[in-house]
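The values are calculated or read from the model by the stated rules, or taken from the named source; none is laboratory data. Owing to the predicted nature of the structure, the values given are computational and were not obtained by experimental measurement. Methodologically, a virtual Cβ is constructed for each residue, glycine included, from the backbone with ideal geometry; neighbour enumeration extends over all protein chains shown. Surface accessibility is based on the protein's heavy atoms, side chains included, excluding ligands, DNA and RNA. Shrake-Rupley method; radii C 1.70, N 1.55, O 1.52, S 1.80 Å.
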Amino acid sequence: MKVIREANILELTSNAGPKKDKQVTELFNGPFRRIVEVKLKNHSILARHHASEPITVYCISGSGTFRAGPDLEDSVEMRSGTLLTLDAGVEHEVIAEPELCVIVSKFKDK
């Protein structure tokens, strides 16, 4: 029985960056979790939104700001190695300063 699944090989070099200012790539979608890679460049903003499930956000390169809350009043400076968690339903946005790459894990019921 195979218990390990390789989801994807990530391209972390600067010349492998997104061709667009915003790029979202699904890395894995299975029972109980969904994992996406979000690449932002040129000071792009991933506009205010919310996830219906709890999420974790892990910054793998670049820098930016993660803002959350009803008025986006809480903020965390993102840089390589930053890991944050967010409860379901919390409004948030992400701002690249100037480029940012994060891995987002959504935790699903099924």
Check: Under 23 Å from the Cα of LYS110, which lysines turn up, not counting those fewer than eight places away in the same chain?
Finding: LYS2
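Quick one: length gained pulling ASP71 to ARG33 fully straight, 0.36 nm per residue minus the C-alpha distance? Present the calculation step by step, with values, prior to reporting the outcome.
Numbers: separation 38, 0.36 × 38 = 13.68 nm, distance 2.77 nm.
Computed gain between ASP71 and ARG33 is 10.9 nm.
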Note to self: What distance in nm lies between label points placed 7 Å from Cα along the C-beta direction at VAL24 and GLU97?
What the structure shows: 2.3
Checklist line | Distance (nanometres) between label positions extended 7 Å along Cα→Cβ at ASN42 and TYR58 | finding: 3.0
Checklist line | lysines with Cα under 18 Å of LYS106, excluding same-chain neighbours fewer than 8 positions away | finding: LYS39
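Can you tell me the accessible area per residue over the chain, all protein chains present, probe 1.4 angstrom, in square angstrom? Write out the running numbers ahead of the final one.
Details: 7140 Å² over 110 residues.
Computed with neighbouring chains in place, this is 65 Å² per residue.
As an exercise, identify the GluC sites (Glu not before Pro) in the range 28-83 lying in DSSP coil whose Cβ has no more than 16 other Cβ atoms within 10 Å. Mind dumping the intermediate values first?
On the way: sites: GLU37, GLU73, GLU77; in loops: GLU73.
Passing sites in the range 28-83 are GLU73.
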Note to self: Given a 1.4 angstrom probe, I'd like the percentage of the accessible area of the chain that is carbon and sulfur, rounded to a whole number.
What the structure shows: 52
